[in-house]
Amino acid sequence: IMIFIPLFDRFIYPVLQSRNWNITPLRRMGVGMVLTSVSFFTSGILETAIQVQEAEGGEKIDIFWQVPQITILAVAEILVSVTGLEFAYSVSPERLKALIMALYLLTTAVGDFLGGVCYSSIFQTLSRSTTMYVCSLLMLGNSIVFRFVAKWWEQREAEKKASV
């Protein structure tokens, strides 16, 4: 992530903007959520391969097979978390910036807690690969809901600008 952040800020975002791609923070976050879903799905594929190898007593799968989904997840983390913090800070009133940032980080903590609850209860009965596929579907559903919220936000902002 520490390598990708400067790469995105200094190269990828400027190149996309120079080609007239609309890369608003909300769109970046939406793409990041879809990439998170893709990362979970690729993790599920790898876990399936690992489980097949374990069942057959075959050769272990090399650890470097994890690099693609870790890379996808790192890019998704930049697009969702870093952009989300930037967006929350930029749209909050000056007097409420600290509170808004704290609430944003609180939602992350609550999400992590709920993920832990799921992993220690519901996902205990599922195979690792099934867990990854379920997480992929949940994230895809989350990205769909997010798209509706983002569209509402963009319409609201457009109406504000039109009335000024």
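Structural remarks
- Lysine pair count for the stretch 7-164 [Cα-Cα under 26 Å; pairs on different chains or 8 or more apart]: 5
- Treating r as the C-beta distance of Tyr119 and Glu154 and R0 as 35 Å, the FRET efficiency rounds to 0.55.
- Listed values for the stretch 100-105 are Karplus-derived 3J(HN,Hα) couplings in whole Hz (6.51 cos²θ - 1.76 cosθ + 1.60, θ = phi - 60°), namely 4, 5, 5, 5, 4, 5, and x replaces Gly and Pro.
- Carbon plus sulfur fraction of accessible area for the stretch 38-164, probe 1.4 Å, in percent: 70
- Using just its DSSP H runs of length 4 or more, each adding -39500 (n - 2.57), the chain gives a mean residue ellipticity at 222 nm of -25000 deg cm²/dmol after division by all residues.
- In terms of Cα atoms, the Rg and Dmax of the stretch 1-83 work out to 16.3, 52 Å.
- Surface accessible to a 1.4 Å probe, per residue, for the residues of the chain, Å²: 69
- J(HN,Hα) series, the stretch 59-74, from Karplus relation 6.51 cos²θ - 1.76 cosθ + 1.60, nearest Hz, glycine and proline x: 5, 5, 7, 4, 4, 5, 5, 7, 4, x, 6, 5, 5, 4, 5, 5
- Electrostatic dipole magnitude of the chain [Cβ: Lys, Arg +1; Asp, Glu -1; Cα centre; debye, to 20]: 780
- Coil-residue GluC sites (Glu not before Pro) of the stretch 34-75, DSSP, other Cβ within 10 Å capped at 16: Glu59
- Projected-area mean, the chain, by convex hull of Cα positions, square nanometres: 12.4
- Which of Ser39, Ser92, Ile144, positive extreme of dipole for the chain (C-beta unit charges): Ser92
- Size of the stretch 82-164 from its Cα atoms: along the principal axes, largest to smallest, the extents are 55, 26, 17 Å.
The values are calculated or read from the model by the stated rules, or taken from the named source; none is laboratory data. Everything quoted here is computed from the prediction, not taken from an experiment. Ideal geometry is used to build each Cβ from the backbone, glycine not excepted, and the neighbour counts take in all protein chains shown. Ligands, DNA and RNA are excluded from the accessible area calculation, which covers all protein heavy atoms including side chains. Shrake-Rupley method; radii C 1.70, N 1.55, O 1.52, S 1.80 Å.
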